[in-house]
Amino acid sequence: MGTDNMVDKDKYVVDLKEKDLSIEKIGGKALNLAKMSAAGFNIPPAFTVSVDAYDFFIKKELEAKISEILRIIDFTHEDSISQGCSAIRSMIKSQELPQDLFLEITRKISDLPDGYYAVRSSAVAEDLADASFAGQLDSFLNIKKDDILENIIQCWASYWTDRAVKYRHDSSIGHLDTELSSAGLAVLVQKMVNADISGVTFTANPVNGTDQVVIESSWGLGEAIASGIVTPDIFVLGRDGKILEKNIKTKNKGYFLANGQNTLITIDEEDREKTSLNDDVLKMLLQIGVELEDFFGVSQDIEWAIEYRKDESDQDVDKYKMLNNPEKTSLKIYILQSRPVTTLNEDKDDILWTRAYGDEYWADATTPLFYDVMGKMLTDYVNHEGARIMGYKEITDTELLKLHKSRVYFNSWVLEKAFSYYPKFARSKELLNYYPLEDQKRISEYPSLMHKALISQVLVAIRDPDGMMHRTDKAYRKWAQGFMEKCEDFDKTDLDTLCDEELLELYDDIENSGIKHYQLIRYGMVSHSIATNLMIKNWLVKWLDDEDGSLYAGLISGLDDNKTVEMNIKFSDLAITSREDPALLGKMNAIEDMSLLDESKIDEMISSNPDFKRQFDQFIADYGHRSNTREILYPRWREDKAYVLEVIKLLSSSDLDLRKNESESRANRFKTEKEVSSRIKKLRGGFFKEKTFKVVLNLAQTYLTFRENQRFYLDHLLFRQRLMLRDMGRRLAEKQIIDDVDDVFFLYEKELFSFFDTSDLQKTELNGNTLSENILSLQEEILKRKKEFYRYKSSLPPKFLKNGIEFDDTVTEYDQNAIYGAAASPGIFTGKARVVESIEELSQMEDDEILITSNTDPAWTAVFSKVGGLITETGGILSHGAVISREYRIPAVTAVKGATTLFKTGEKLVVDGNEGVVYKKE
């Protein structure tokens, strides 16, 4: 390798047009470009500073010093890695280049034409199939000729970032042994393309793994897509060139190269929704993609850019309009990068993950921090500890959850094993819907392990008596009373006055106090509620022919102490008070968007009616910990009082009285209970059946209320956790570790708490800004996670996931104008559809419309008093939407796949909650 002697001329600078280049000499990225160039693909002009140059530079002066630092790094401690890597990077940046190396590189740079260049790291281990190293190293864009050398050295230094060093260590890649052909770094210098359109081509569909070609594109440079400023147009093509899907997005902004800067411009309004690629260009990109796939012998992920040249007869054509005037322009497609599609090989865990169970309990789009906050509790206490107590040995240490496209998926094998302890009759259509169709018959016929189920109940009685059906609800109420007292003490605490250590202690205290919640819902929700309600439903069908579910709905409506119903009644009371004060109602109706009001304006408005203000303040005191979603990223009503006013305003537009409705529901329940009791007594063996039914019904009603109320107290727990986590976020933002307070929710717990390490070394590193490069890397990761969260926030991914492949096999059945789902609340209603994709759109609801949405939350149910019918894409008979629909006697059909796209607002529909069918009226 390099020595102190004179080096051979042109040894360290390599033109990509040279033959027989190797990855050991120029790195993976540059080698790919060289191969493509040699094969005739159009790449921007480029050269490489070889691995030999880097190796010569390191070995001449720095190898011994770096070896010593590597020797003392403790790779089990992040602070040790960070401290050592920082020292190595500082040495590289301050060390002068050997003269001969300096002269050779600067001579090549001086020969370059004027313009702007990309200076990119090209590692030997990068882009190998078994070492997905992409993104670990630095690259620099829009570099002037005079600054290229400085940025080459910056790339060399980036070989020693904490992430890169840890990655090589974990992957057994040598840090200094470049002769092993698995380590080392080249630097690629390449002319920047002044792109008018940029995008990506996947020669295998990364979503479903087929050989369909997916092309994403947008106006200008690719940075607009990468930064999440725009969502690209998406095209799916067959290998024959047929366009299978075309999804044109609104592209308001675009980055364009101007004076060496990526300049963000606003796209003219008439061009924002135009396609960025016409059919001819799509076919050109398809052909290039297929040729690259054939050339490399594997599916490719290709970055490309298009430059358009104007016809001299029309010099005024805007860049992003050129595509729509092809006769006046000529184009050149540049290939910027091509590498194997890696997503197809990810997640090869051979586990079938189902989103369907999450639809019942955790249907919200989920941030990484909330996934950790609640996910670890469900895994550790609901799954693992519960399984150990009940003797379910097969599932005491299995992985329970997976976060995919911002949604929580459950391990179907864990659910299947748990359900095998259920009697066959309890394996209802709703439970079987958690699985693919091909598995449902097998699971429904799986032998009941009743002997094991009985043993598990004996073990619960011995190991955890609070899990016994007659005790769980009482134990939960006792815990809730004690936890509310703790919350009162918490609310007196000024978090700003706590030091980091005190804040962490308080967080641990609240979190530990909440463990009992999870230890009790593993019985109350997972077994008691499901088992008793399915037994009642089964008996009603078998004994009394309750096929439409009307008797069942009557028996479980109007229940006492339902926190969600009580909250809705308080909403209704406030609406009635506002209706009785025309002046106050006039002020509220005059405000089109309540969210624009700050707290002082809200207080000023409601103070005009002392009775309303008293009710409103009490409502916030009682329910201000609630929100429109479990997800702790979003503010609670105590933080967002404008939302509460918006709901009151919405309810005040009708004359409904939910207090009166609830009284009628209670009277109807008493009547239905008497009717059912009387009819069962007349059956053969009726005396015994009626006594048994009455006991189980009491438990079913108890645990249906339990199911609603546990969410009320969980919201109390999550609200306090949110407040503390946001305060941690505030502290990190003040130290410029994160850009925004709410960015904290896009960290995982381990990442967040590492910044609150109380060791003196960690504090010194943070305050001394020696972790700046780590922090920058983390900020980039946060941006990536935010993009994924918001991209999938309002779209429901497929129900199943296995080995990285998504699929939906629950086929929507059509009988001309009939769409089938699950019957959730009995009755038939005909009315106009209202598609609502977010809580903000609920204000548009009019009386007696059919609410169509992905899923509902308890906070949504206040507006159910206005709803004529309900259709949801998710959920079963025990989902919040189904429970409240039965409470208000609203026909409901759940589990209608694609409901928010199948139906349109204003369309006339018939909701048949008896059969679980929705009909489109001609």
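Report yes if Ala461 is without any contact (Cβ under 8 Å) to a residue 12 or more places away in the chain and not charged (D, E, K, R), otherwise no. Taking the combined requirement at face value, the residue satisfies it. Exactly one residue out of Ser110, Ser122, Ser198 is polar (S, T, N, Q), crowded, with 24+ Cβ neighbours inside 10 Å, within 21 Å of Pro45 (Cα to Cα) and modelled with pLDDT of 90 or more: that is Ser198. For region 456-514, the tally of residues that are closer than 19 Å to Leu717 by Cα and either in contact with a Pro (Cβ under 6 Å, 6 or more places away or on another chain) or among the aliphatic types (A, V, I, L, M) (or both) stands at 8. Out of curiosity, is Ala892 at pLDDT 80 or above and crowded, with 24+ Cβ neighbours inside 10 Å? Against the criterion (at pLDDT 80 or above and crowded, with 24+ Cβ neighbours inside 10 Å), Ala892 qualifies. Considering region 552-576, and only residues there that are in contact with an Asp or Glu (Cβ under 7 Å, 6 or more places away or on another chain), small (Gly, Ala, Ser) and closer than 19 Å to Leu697 by Cβ, the residue that is surrounded by the fewest Cβ atoms within 10 Å (Cβ to Cβ) turns out to be Gly558. None of Ser557, Ser608, Ser600 is assigned to a loop (DSSP other than H, G, I, E, B), hydroxyl-bearing (Ser, Thr, Tyr) and either free of Cβ contacts under 8 Å to residues at least 12 places away in the same chain or more than 28 Å from Ala824 (Cβ to Cβ) (or both) except Ser608. There is no residue in region 44-51 that is outside the structural domain of Leu292 (by TED's automatic domain parsing), closer than 14 Å to Leu185 by Cβ and at pLDDT below 75. Looking only at residues in region 146-169 that are hydrophobic (A, V, I, L, M, F, W, C) and at pLDDT below 85, the one that is surrounded by the most Cβ atoms within 10 Å (Cβ to Cβ) is Ala164.
Looking at the structure I just gave you, is Asp546 of a type in the set (D, E, K, R), crowded, with 21+ Cβ neighbours inside 10 Å and either touching a residue at least 40 places away in the same chain (Cβ under 8 Å) or under 26 Å from Gly916 (Cα atoms) (or both)?
Yes; evaluated as a whole, the condition is true for this residue.
State all residues of region 767-785 that are surrounded by 18 or more Cβ atoms within 10 Å (Cβ to Cβ) and either at pLDDT 85 or above or assigned by TED's automatic domain parsing to the domain that holds Asp138 (or both); if no residue qualifies, say none. Leu778, Ile782, Arg785 - these are the residues of region 767-785 that are surrounded by 18 or more Cβ atoms within 10 Å (Cβ to Cβ) and either at pLDDT 85 or above or assigned by TED's automatic domain parsing to the domain that holds Asp138 (or both).
Ala667 passes every criterion in (1) within 37 Å of the chain's Cα centre (by Cα); (2) surrounded by fewer than 21 Cβ atoms within 10 Å (Cβ to Cβ) apart from (1). Under 7 Å between Cβ atoms, at least 6 apart or on separate chains: pull out the pairs that start in region 664-691 with a residue that is in contact (Cβ under 8 Å) with a residue 40 or more places away in the chain and end on any residue that is β-branched (Val, Ile, Thr) and assigned to a helix (DSSP H, G or I). Matching pairs, first to second residue: Lys689/Ile680.
Kindly check whether there is at least one residue in region 635-643 that is over 28 Å from Gln710 (Cα atoms), free of Cβ contacts under 8 Å to residues at least 60 places away in the same chain and either of a type in the set (Phe, Trp, Tyr) or in a helix (DSSP H, G or I) (or both). Checking region 635-643: not a single residue is over 28 Å from Gln710 (Cα atoms), free of Cβ contacts under 8 Å to residues at least 60 places away in the same chain and either of a type in the set (Phe, Trp, Tyr) or in a helix (DSSP H, G or I) (or both). Considering region 516-543, the residues that are within 26 Å of Leu683 (Cα to Cα) and out of contact with any helix residue (DSSP H, G or I) (no Cβ under 8 Å at 6 or more places or on another chain) include one that is surrounded by the fewest Cβ atoms within 10 Å (Cβ to Cβ), namely Lys542. With the condition kept exactly as written, say whether any residue in region 435-446 is in contact with a strand residue (DSSP E or B) (Cβ under 7 Å, 6 or more places away or on another chain) and either among the aliphatic types (A, V, I, L, M) or farther than 30 Å from Leu732 by Cα (or both). Yes, that holds for at least one residue.
The values are calculated or read from the model by the stated rules, or taken from the named source; none is laboratory data. This structure is a prediction, so every number in the text was calculated from the model and none was measured. Quick reminder, even Gly has a Cβ in these numbers, built from the backbone with ideal geometry, and neighbours come from all protein chains shown.
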